[in-house]
Amino acid sequence: MLSSVYAPKDFKRLRASGDLVARCFDYITPHIHAGVSTGEIDRLVAEFLHANGARSSDLGYQGYPKHICTSVNDVIVHGIPNDNEILKDGDIINVDLTAEYKGFHGDASRMFMIGKVSPLARELVQTCQDALNAAISICAPGVPLSEIGKTIEAVVKPHGFSISRDFVGHGIGKVMHDEPQIYHFYDKVWDKVKMVPGLVFTIEPMINTGSPKCKIDPDGWTARTVDGGLSAQWEHTLGITEDGVIIFTEKMV
Ligand code: MF3
Ligand code: CO
Ligand code: CO
């Protein structure tokens, strides 16, 4: 069940991959504004990864056609970058970037608010980031995996937002998607499985202003809310240490 358990020397590699992902976000961030296409953001990522000896883990994954996922407004996950999709004032967008560098994957996503967004959109984006940070803060050896979902629910529910159940976090390391699955809602099946030093996984809550249910576009990838409600997601790749947790997908200082 816990196949994504790695040795300390692998943690150094995972840290390097995560640092590269964080630096790629810094590279693209100034370019994410009204008037830019999601296709252009994809090209910027491709350029950065190539220049740094890394590659997109997404490109070609089960036939996925681009380097990143760009999920705008009601898109929950897996929006495909497109030159005809132009960001406009008031949009919210998730950029999800997974890169493989020297054999190890780092996976993170961030939200960007374009110009002046509605108070509801701002609350959604902030609550989702708060939920991810709260979930990270409870991670340590001996903690049941079910505590992650419990913690996210405690942050999200008071705001009246819903949590998507169709997509989960995942073990990661030498492959992008591995066991265990990480639920963003409480389920007792994960009470029995405890975090151990060396475990590497993502947490990536998706929360919505309306229904948590999704529908898939004819492109076979783009997952949207059924009711057109807004959706937000934040993601980090993490590793359990002897005494706590390390966030791999942050810049090394
Ligand atoms: N980055 C996504 C995740 O968080 C996976 C992308 S799937 C792909 O798991 F098909 F777009 F590659
Ligand atoms: Co991701
Ligand atoms: Co992920």
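The values are calculated or read from the model by the stated rules, or taken from the named source; none is laboratory data. Since this is a predicted model, take the numbers as computed values, not measurements. Note that each Cβ is placed from the backbone with ideal geometry, even for glycine, and that neighbours are counted across all protein chains shown. What goes into the accessible areas is simple: the full protein's heavy atoms, side chains included, and nothing from ligands, DNA or RNA. Shrake-Rupley method; radii C 1.70, N 1.55, O 1.52, S 1.80 Å.
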| query | If r is the Cβ-Cβ distance from K174 to I86 and R0 is 30 Å, what FRET efficiency results, to the nearest 0.05? | reply | 0.20
| task | Show which lysines lie in cross-link reach of K174 when reach means a straight Cα distance below 30 angstrom and same-chain residues fewer than eight apart are skipped. | result | K9, K12, K66, K102, K150, K188, K192, K194, K251
| remark: Around N94 (Cβ within 12 Å, Cβ-to-Cβ, excluding N94; K/R +1, D/E -1) the net charge comes to -4
| Could you list log10 I(q)/I(0) for the stretch 131-253 at q = 0.11, 0.13, 0.19 Å⁻¹, which the Debye formula gives when each Cα is one point scatterer? | -0.38, -0.53, -1.04
| said: Can you give me the accessible area per residue for the chain, using a 1.4 Å probe, in Å²? | reply: 42
| message | Per 0.36 nm of contour for each residue apart, how much would the distance between V5 and A51 grow if the chain were fully extended, relative to their Cα-Cα spacing? | response | 13.6 nm
| query | Where the centroid of each part is defined by its Cα atoms, how far is the stretch 124-198 from the stretch 75-95 in Å? | reply | 25
| field | D217-D243 pseudo-label distance in nm [points 7 Å out on the Cα-to-Cβ vector] | value | 4.8
| Regarding the stretch 91-181, what are the three Cα extents along the principal axes, ordered largest first, in Å? | 41, 30, 23
| message | Among L199, S162, V175, which residue has its Cα furthest toward the positive end of the charge dipole of the chain, with +1 on Lys/Arg Cβ and -1 on Asp/Glu Cβ? | response | L199
| note | Cα-Cα pairs in the chain separated by more than 34 Å, as a whole percent of all pairs, come to 11
| task | Starting from the Cα of K215, draw a straight line to each of the aspartates and glutamates and keep only those under 12 Å, dropping any in the same chain fewer than 8 residues away. | result | D74, D166, D227
| task | Determine the relative contact order of the stretch 17-144: mean sequence separation of Cα pairs under 8 Å and six or more apart, normalised by residue count, in whole percent. | result | 25
| For the chain, what is the mean residue ellipticity at 222 nm derived from helices alone (per DSSP H run of n ≥ 4: -39500 (n - 2.57); sum divided by total residues; nearest 500 deg cm²/dmol)? | -8500 deg cm²/dmol
| How high is the FRET efficiency from Y27 to E250, r the C-beta distance, R0 22 Å, rounded to 0.05? | 0.90
| task | Enumerate the calculated ³J(HN,Hα) couplings along the stretch 99-109 in order (Karplus 6.51 cos²θ - 1.76 cosθ + 1.60, θ = phi - 60°), each rounded to whole Hz, writing x wherever the residue is Gly or Pro. | result | 10, 9, 9, 6, x, 10, 9, x, 9, 8, 9
| request: Please report, as a whole percent, how much of the solvent-accessible surface of the chain comes from carbon and sulfur atoms (probe radius 1.4 Å). | output: 54
| request: Please give the length that would be gained between S137 and R122 if that part of the chain were fully extended, namely 0.36 nm times their separation in residues minus their C-alpha to C-alpha distance (nm, one decimal). | output: 3.1 nm
